[in-house]
1. Go through the range 1-29 and report how many residues are over 22 Å from Lys87 (Cβ atoms) and modelled with pLDDT of 95 or more.
2. Can you find even one residue in the range 73-84 that is touching a Phe, Trp or Tyr at 6+ places or on another chain (Cβ under 9 Å), farther than 22 Å from Gly9 by Cα and without any contact (Cβ under 8 Å) to a residue 12 or more places away in the chain?
3. Could you check how many residues of the range 76-87 are outside any loop (DSSP other than H, G, I, E, B) and open to solvent by 50 Å² or more (accessible area, probe 1.4 Å)?
4. Please report, ordered by residue number, the strands (runs of 3 or more DSSP E) entirely within the range 1-75 with at least 2 residues that are exposed (fewer than 13 other Cβ atoms within 10 Å of the Cβ).
5. I need every pair where a residue in the range 24-40 that is small (Gly, Ala, Ser) has its Cβ under 6 Å from the Cβ of a residue that is modelled with pLDDT of 90 or more and assigned to a loop (DSSP other than H, G, I, E, B), sequence separation at least 6 or different chains.
Amino acid sequence: MKVTKTSTGRFAKPGEHIQDGEIIKVMDAGVEQEGDYGIQHVFKILCVDGEVRNLSFNATSRNYMIDAFGDETDGWKDKQVRVNIVK
């Protein structure tokens, strides 16, 4: 069986591309994709340095986004949000 590589895109890395307390912009309504631990909700974000990268929103982040902008991710597009990195 022949398999091909899957492109995961360029992901934002905390501490490298995004910093705690920075404001980022959500660029799209996101997509669901299979990750190492199940389905991930991945959004394109505009980083402070002007680069567009992918960022997977965990359940806590999604819940905050729902509280702030509603449960339809189309409404999250073009919203600016503050990064809160928890280790």
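The values are calculated or read from the model by the stated rules, or taken from the named source; none is laboratory data. Note that this is a predicted model, so its numbers are computed, not measured. Neighbour counts run over all protein chains shown; Cβ positions are idealised from the backbone, glycine included. The accessibility values were calculated without ligands, DNA or RNA, using every heavy atom of the protein model including side chains. Shrake-Rupley method; radii C 1.70, N 1.55, O 1.52, S 1.80 Å.
1. Result for the range 1-29: 5.
2. Yes; the residues of the range 73-84 include at least one that is touching a Phe, Trp or Tyr at 6+ places or on another chain (Cβ under 9 Å), farther than 22 Å from Gly9 by Cα and without any contact (Cβ under 8 Å) to a residue 12 or more places away in the chain.
3. Of the residues in that region, 2 qualify.
4. 31-35, 38-46
5. Sorted first by the residue in the range 24-40, then by its partner, the pairs are Ala29/Lys77.
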